[in-house]
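Q: Pasting in a structure now, in C-alpha cells, and then I'll have a few things to ask.
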2 protein chains.
Amino acid sequence: MSFEIRSKDLLGRIGQLRTKRGTIETPFLLPVINPISQLIQARDIRDTFHFEAVITNSYLVWRRFKENPPKIHELLDFDGIIATDSGAYQILQYGDVEVDPSDIIRFQEQLDSDIAVILDIPTDQTATEQRAKWTVDETLRRAKEAERNIQRRDILWVGPVQGGVYPELVSYSAREMAKLNFQIHALGSPTTVMQQYHYDKMVDMIMAAKLNLPPDRPLHLFGAGHPMMFALAVALGCDIFDSASYALFARNDRYLTPEGTAKLEDLEYFPCRCESCYKRTPIEVKKMLKFERERFLAEHNLRTCYSELQTVKQAISDGRLWEMVEARAGNHPALSRAFDTFLRYAQYMESETPLRKRKGPFLISEKSLSRPEIIRHRKKLLENFASPTANRIILLPDKYLEPFRQNFNNDTSLKKLLHTPQVHMCSYNLTYGIIPNELVDVYPLSQTEDSIKPTSPVLRNTAKRMAEWLRRSSYKSRMIVVEDTWQHKIAESLRKQLKGSKIQILEIEPGEDATSKVLASINRKDRKRMR
Amino acid sequence: MSFEIRSKDLLGRIGQLRTKRGTIETPFLLPVINPISQLIQARDIRDTFHFEAVITNSYLVWRRFKENPPKIHELLDFDGIIATDSGAYQILQYGDVEVDPSDIIRFQEQLDSDIAVILDIPTDQTATEQRAKWTVDETLRRAKEAERNIQRRDILWVGPVQGGVYPELVSYSAREMAKLNFQIHALGSPTTVMQQYHYDKMVDMIMAAKLNLPPDRPLHLFGAGHPMMFALAVALGCDIFDSASYALFARNDRYLTPEGTAKLEDLEYFPCRCESCYKRTPIEVKKMLKFERERFLAEHNLRTCYSELQTVKQAISDGRLWEMVEARAGNHPALSRAFDTFLRYAQYMESETPLRKRKGPFLISEKSLSRPEIIRHRKKLLENFASPTANRIILLPDKYLEPFRQNFNNDTSLKKLLHTPQVHMCSYNLTYGIIPNELVDVYPLSQTEDSIKPTSPVLRNTAKRMAEWLRRSSYKSRMIVVEDTWQHKIAESLRKQLKGSKIQILEIEPGEDATSKVLASINRKDRKRMR
C-alpha cells in the first residue's frame, strides 16, 4: 500500500502517501506550476514554502516536446515529487485536446512523473445529464484501457471520478472506478461549482464519490485550492488538492485568507501574520511594480494555503476538526449553507471518528448536535446500554449529579440510594439527553463544553431522545427533577410522549438542596408503599 | 483633542491617539514589559514586531529608584512611546502597595511617561458589593485628588473605572469619572473574569462603562491581551489593551491563537503562518532550551496579537466587524455565550455604524438578525418611510421582484402596475421583512448575502416585523404572493396578526410565471370592481 493513514477525525485523516521520490503527508495541496515558465520555481515552493510536491501539466509539455520528452524533474529543475495532469483541464476549457489517451500515458511514463493522471473527460457543470453520463462512461472506458496500457507501476496512477452535479452519476462513476487498479482517486472538476461558491453542491458531489470509493485510497479534489474550503473538504474525506489559485489570484491582485478572498485595493491592513505581510503594508504593496506585487501576493497565498492545511492537521490531531469546520462555516453564507448540507452526512462520520480524543468537544450551536459524539451516545445508549434491573429511574439535571456523587461518601442514605438495585440514577442535559450514572465518566460525556441554548428545536430534539430511550426501558416509576424553565418543558414533553407511563416531576426551587429533596421524596414514596 | 476617530463599525473604531512622543493607531495592544529585565526588549517589540508603544510598571521602578527616578526612556533604552501603570495590579495581587497616590503621580511625571495612570483601587472579582462600592468611591476620591496634583499636562492621564462584576457600580463609576479631566479611561481588572472565560460577564462590564463614558475618549481594557477576545472587545468600544500574556503564556509553554490557547505539548503542527512558526516544527521547538523556547513562543504570541488587531482594523474598514465577531464567537462556547450577551446591546451599535459600507453584510445565522443594518431598516421603515398613497400593497418574495423590475421596460401593463399610484409593490424576505420597491437599491438591502434558514423563531420574527409595519399603513387591500412553505407560513401568520384586515394570498406553483399571475389576479379584481 502506498497510502498509510496515521490519524482520523470525521472523514478527514492524516496520511502518508509514498511515491517513488518520497513521501507526502496528506491532507496536501499540490501547487500547480506551469511547465515552461514559473512565477515561483518548484524548488522555492518546496524550500521556502514547504510544499514537498508540485503538479504540472504533461499535456503542455507534450505540446512542446512531443516525440522528444524531457525528464520532468530536469525540465523543472526540481528533485522533489512531481505530479502531472493529463490535459483534462484543457478539454474542460477548450472542448478537446490533440493527444491520444494512450499516448499521454506513455508520455507521462517517459517524463518519469511520480504521480500521473489518465486522460479523463471532465464533466462540465452545465452538462446535461446525458452528456454527463457520456463523460462518465468515456472516462471509465479510458480508465480500463489505461489499466492495460500502463507499463510503469512505480508511478502512482490517478483514476478520476466524473459525473458533475449529478450525484447518482458520481456514485456510479466512483463504484466502477473503485474496481480498477488505481492508487489514488480524484473527483473531477468541481472548479466551476467552487468559483460560484456553490459549496453546498460540492459537498453532495464529494460525498457521492467518497462513500463509493475505497477508504484506503487517497481522494484528490481536482482544482480545489481556496483555503476557505480546506477544512470542510478534508472533513468530507478529501486528502489531496491541487490548484493554481495562489498564482491566478495573485495575477488579479487577489489576496487569499482562510476566511475568503480580498481585493488588494480594499486592504488597508494585512489581516495576516505571514512573513510577507508582516514586513509590508498594503500601501507599499499597492505601489509595487506588477511583477513584484504578483510575486508578493503569490507568496502570501502559498503561505496561507500551507498554514491552513497545517491548522486542519492540528485539528485532526486534537480531535477538533468539527469545531474548525463549524467555525470556518461562519465566515461566509455559502460555507454556512454547505455546512448545513454537511450535517446531512453526519451519520457517515461517526464510525470514522475516534472513540477517544485528546480534547473534549465544544458544542457551539444547534448544528453541533449532529456531531459524531452525540450520535454515538444515542446509538450506544439504545443498542448497548442494558438498563439495569432497577424499578425506578431518577433523572437529575446534570448540574445536580456531581453534588450527589460528591456527597456520596459522607452520606449513608445517599450511598444506599445510589447503590440500591431498585433506583437508577441518571442525569440529563440539552446535549446528550440522558446520561446514566455509570457512564458519566466515559469520554466525552463530562469533557464536553457547550453554549447550546434551550430553543424549541433543541428542546424538541432532547425530549425526543430521552423519550426514545425511556420507552425501551422497563422502569416501574420515573422521576424527573426540574428547576429551570427548559427542564419543566422537557418534563412536560416526556409526559406527553410517554402517555400511559406515569412520570413524577419533582420541582426544585432555586437555592433548595436537590439531594435532600430527592431523598425525602423517595423516602415518602417508600413509606407510602410500605403502608 | 488627543484622540481622533478615523473610521467606525459597531462600537469599534480606528483612532489616532496623539502622545507627546508620537501617535498610536487604535485599537492597540500595549505589550507589558518588566522595567528591570525584559524577555524581549522594547526596541525589538517595536522594530521587529511593530508595536509602537509599550507599557511598564512605574511602581516597580519606584521600588527600585524611589528618590532618584530615572528617565523611563533611558531605563528601557527605548525612544518610542511608553505608558506606565501605577501599582494597581500589585494592589489587586497583594492587597496594598507602599506608595502614596500623589507620590506615584509625581514619580510618573519625573519618569517622563507618555501615558500614565493614577493609583486606583481595582475591584477584586470576588469583592462583595460593599467592598466594590468602596473601591469605586476611593478610586474616584483619588481621581479628584489627582486632578489637583497633576502638573504635567503633556502626559496623557488615564482615569480608571472600577466596580467589578456589579454593572450598576461600573456605570456609576464611569459617569463620575467622565466628569473629570482625563484623556483616556480604563476599565479595571477584568483579568480574573477573562482568565475564567467569563466573557459574558466581561461584555456587561464593558458596556456598563462604555455607555457612560465620553465616546471621544479612548477606552482601555486593563490586563486584556488574549487575541481570541480582541474582536469582541473592540466591537464593544474598547480601544486599548495591555497585557503581559504574550510572555506569561510563553513562560508556561502556551501558544496563543485567535481561536484560543494551545499547549505546546499538544501541537504536532503549528496552526500558524507567522515567520517563527513557518520556519520551525513543534518537534524542534519542544527540544529547545527553556529560554529559547520561551522566546520563540513569546515572538509567536506577539505576532499573533498584532495581526489579530490588524485583522480587526481591516474588518472595521470593510464594515465587516460584526462578521468577524460572530465568526470568532464560533471558536469557543464561552465566546459564543458572550456573543449572546453582546446581542442584547445591539441597539446601541446601530447609531455608531456607518450608513454605507464598502461591502454588503453577510448574515450567517439567526444571531446576525440583530445586526445594526437590520435594526436600522426596521426603524427607518417605521419612522421615516411614508407609505405612499396607494390603495393596494402587493408583497412579493424577493426573488420575484427583480424579474418584475427587469420586465418593466418591455411590458406596458407592468409599467402601469408599478407606476400606478394605486398599487405599492414591495418585496419581502426572511432578513429585512418588507422592502418597498422604492428602497430596493438603498444600501445594504440588495447587497446582503445570507444563509438564514426559515426556522420557527426566524419566521416568527419576520412575520412580526411585517405585521408591525402593515398595521401602521392604510392600504385598503393587501396581497401576499407565496411559493415556498415558509412563505405560506408568513402569510398565515400575517392573517392571524392582522385580524380584521383582509389579506389575499396568491399561490405560485414552482415554474409558474409570477409576473403574469399577479397581473392576471389584479386585472380580475379590477374587472370585478368595475362591474
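The values are calculated or read from the model by the stated rules, or taken from the named source; none is laboratory data. This structure is a prediction, so every number in the text was calculated from the model and none was measured. Quick reminder, even Gly has a Cβ in these numbers, built from the backbone with ideal geometry, and neighbours come from all protein chains shown. Ligands, DNA and RNA are stripped out before the accessible areas are found, and what is left, the full protein with its side chains, is counted by its heavy atoms. Shrake-Rupley method; radii C 1.70, N 1.55, O 1.52, S 1.80 Å.
Q: For A:Gly80, all conditions in the list (1) in contact with a His (Cβ under 7 Å, 6 or more places away or on another chain); (2) open to solvent by less than 20 Å² (accessible area, probe 1.4 Å); (3) not hydrophobic (A, V, I, L, M, F, W, C) hold save one; what is the number of the exception?
A: So A:Gly80 meets the others, but not (1).
Q: In the range B:270-285, what residues are touching a helix residue (DSSP H, G or I) at 6+ places or on another chain (Cβ under 8 Å) and either crowded, with 21+ Cβ neighbours inside 10 Å or among the polar types (S, T, N, Q) (or both)?
A: B:Phe270, B:Pro271, B:Cys272, B:Arg273, B:Cys274, B:Ser276, B:Cys277
Q: Residue check, A:Pro160 against (1) closer than 21 Å to A:Gly15 by Cα; (2) part of a helix (DSSP H, G or I), all met but one. Which one?
A: A:Pro160 satisfies every listed condition except (2).
Q: To continue, here is another question. From the residues in the range A:33-51 that are touching a strand residue (DSSP E or B) at 6+ places or on another chain (Cβ under 9 Å) and within 14 Å of another protein chain (Cβ to nearest Cβ), which one is farthest from A:His73 (Cα to Cα)?
A: A:Phe49
Q: While we're here: Quick one: count up the residues across the range B:203-231 that are part of a helix (DSSP H, G or I), touching a Pro at 6+ places or on another chain (Cβ under 9 Å) and open to solvent by 20 Å² or more (accessible area, probe 1.4 Å).
A: Number satisfying all stated conditions: 1.
Q: Name the residues in the range A:126-157 that are open to solvent by 60 Å² or more (accessible area, probe 1.4 Å), assigned to a helix (DSSP H, G or I) and under 22 Å from A:Met205 (Cβ atoms), would you?
A: Listed by number, the residues that qualify are A:Glu129, A:Gln130, A:Arg131, A:Lys133, A:Trp134, A:Arg141.
Q: Still on this model: Identify all residues within the range A:355-379 that are among the hydrophobic types (A, V, I, L, M, F, W, C), within 14 Å of chain B (Cβ to nearest Cβ) and assigned to a helix (DSSP H, G or I); write none if there are none.
A: As a first pass, look at the range A:355-379 and keep what is among the hydrophobic types (A, V, I, L, M, F, W, C): A:355, A:362-364, A:369, A:374-375.
Okay, now just the ones that are also within 14 Å of chain B (Cβ to nearest Cβ), so A:362-364, A:369.
Across the range A:355-379, the qualifying residue is only A:Leu369.
Q: If you don't mind, another one. Taking into account only those residues within the range B:380-393 that are in contact (Cβ under 8 Å) with a residue 60 or more places away in the chain and either part of a loop (DSSP other than H, G, I, E, B) or closer than 25 Å to A:Ser365 by Cβ (or both), which is farthest from the chain's Cα centre (by Cα)?
A: B:Asn391
Q: While we're on this one: So A:Val234 clears everything in (1) within 14 Å of another protein chain (Cβ to nearest Cβ); (2) crowded, with 24+ Cβ neighbours inside 10 Å; (3) free of Cβ contacts under 8 Å to residues at least 40 places away in the same chain except one condition, right? Which one?
A: Condition (3) is where A:Val234 drops out.
Q: Could you list, in sequence order, all residues of the range B:478-501 that are open to solvent by 30 Å² or more (accessible area, probe 1.4 Å), polar (S, T, N, Q) and under 25 Å from B:Asp513 (Cβ atoms)?
A: Matches in the range B:478-501: B:Thr485 only.
Q: Does A:Phe65 qualify as being over 22 Å from A:Gly188 (Cα atoms) and without any contact (Cβ under 8 Å) to a residue 24 or more places away in the chain?
A: The answer is yes for A:Phe65.
Q: Tell me which of these B:Tyr89 doesn't satisfy, since it passes every other one: (1) more than 23 Å from B:Leu17 (Cα to Cα); (2) open to solvent by 10 Å² or more (accessible area, probe 1.4 Å); (3) more than 30 Å from the chain's Cα centre (by Cα).
A: (3)
Q: Okay, next question. Is it fair to say B:Ile45 is assigned to a helix (DSSP H, G or I), at pLDDT 95 or above, out of contact with any Lys or Arg (no Cβ under 6 Å at 6 or more places or on another chain) and open to solvent by less than 10 Å² (accessible area, probe 1.4 Å)? Walk me through how you get there before you give the answer.
A: Numbers: assigned to a helix (DSSP H, G or I): yes; at pLDDT 95 or above: yes; out of contact with any Lys or Arg (no Cβ under 6 Å at 6 or more places or on another chain): yes; open to solvent by less than 10 Å² (accessible area, probe 1.4 Å): yes.
In short, yes.
Q: Are there any pairs, at least 6 apart or on different chains, whose C-beta atoms fall under 9 Å, with the first in the range A:279-292 and among the β-branched types (Val, Ile, Thr) and the second in a helix (DSSP H, G or I) and modelled with pLDDT of 95 or more, and if so, which?
A: A:Val285/A:Leu264; A:Val285/A:Cys277; A:Val285/A:Glu292; A:Val285/A:Arg293; A:Val285/A:Phe296; A:Val285/A:Leu297
Q: Right, another one. When you look at B:Pro271, is it more than 24 Å from B:Thr48 (Cα to Cα) and either more than 17 Å from the chain's Cα centre (by Cα) or of a type in the set (Lys, Arg) (or both), yes or no?
A: Values: more than 24 Å from B:Thr48 (Cα to Cα): no; either more than 17 Å from the chain's Cα centre (by Cα) or of a type in the set (Lys, Arg) (or both): yes.
No, not satisfied.
Q: Continuing with this model, one more query. Would you mind finding the one in A:Leu169, A:Leu156 that is touching a Phe, Trp or Tyr at 6+ places or on another chain (Cβ under 9 Å), touching a residue at least 40 places away in the same chain (Cβ under 8 Å) and farther than 12 Å from A:Ala186 by Cα?
A: When all the criteria are applied, what remains is A:Leu156.
Q: Sticking with this structure for a sec: Please enumerate the residues belonging to the range B:315-342 that are among the hydroxyl-bearing types (Ser, Thr, Tyr) and at the interface with chain A (Cβ under 7 Å from one of its Cβ atoms).
A: B:Ser317, B:Ser336
Q: With the structure loaded, tell me whether A:Ile283 is farther than 27 Å from B:Glu449 by Cβ, at pLDDT 95 or above and more than 10 Å from chain B (Cβ to nearest Cβ) or whether it fails that test.
A: Yes, satisfied.
Q: Would you mind finding the one in A:Val458, A:Val442 that is within 30 Å of B:His198 (Cα to Cα), open to solvent by less than 60 Å² (accessible area, probe 1.4 Å) and either touching a residue at least 24 places away in the same chain (Cβ under 8 Å) or of a type in the set (D, E, K, R) (or both)? Working first, answer last.
A: Working: A:Val442 fails: either touching a residue at least 24 places away in the same chain (Cβ under 8 Å) or of a type in the set (D, E, K, R) (or both).
Answer to the check: A:Val458.
Q: Also, quick follow-up: Could you tell me whether any residue of the range A:63-79 is of a type outside the set (D, E, K, R), in a strand (DSSP E or B), out of contact with any Pro (no Cβ under 9 Å at 6 or more places or on another chain) and modelled with pLDDT of 95 or more?
A: The answer is no; no qualifying residue exists.
Q: Ok, one more. Only one residue in A:Ser7, A:Ser102 is open to solvent by 10 Å² or more (accessible area, probe 1.4 Å) and assigned to a strand (DSSP E or B), so which one is that?
A: Only one candidate passes the filter, namely A:Ser7.
Q: Of all residues in the range B:168-183, how many are open to solvent by less than 20 Å² (accessible area, probe 1.4 Å), in a helix (DSSP H, G or I) and of a type outside the set (Gly, Ala, Ser)?
A: Matching residues across the range B:168-183 total 3.
Q: Let me ask something else. Quick test for you: out of A:Met425, A:Met466, pick the one residue that is in contact with a Gly (Cβ under 7 Å, 6 or more places away or on another chain), open to solvent by less than 20 Å² (accessible area, probe 1.4 Å) and away from every other protein chain (no Cβ under 14 Å).
A: A:Met466
Q: Could you tell me whether B:Val312 is touching a residue at least 24 places away in the same chain (Cβ under 8 Å), crowded, with 21+ Cβ neighbours inside 10 Å and either at the interface with chain A (Cβ under 9 Å from one of its Cβ atoms) or of a type outside the set (Val, Ile, Thr) (or both)?
A: yes
Q: Name the one entry in B:Arg295, B:Arg251, B:Arg303 that is in contact with an Asp or Glu (Cβ under 9 Å, 6 or more places away or on another chain), touching a residue at least 40 places away in the same chain (Cβ under 8 Å) and away from chain A (no Cβ under 14 Å).
A: The unique qualifying residue is B:Arg251.
Q: Can you find a residue that is of a type in the set (A, V, I, L, M, F, W, C) and not in a strand (DSSP E or B) anywhere in the range A:252-261?
A: No, the conditions are met nowhere in the range A:252-261.
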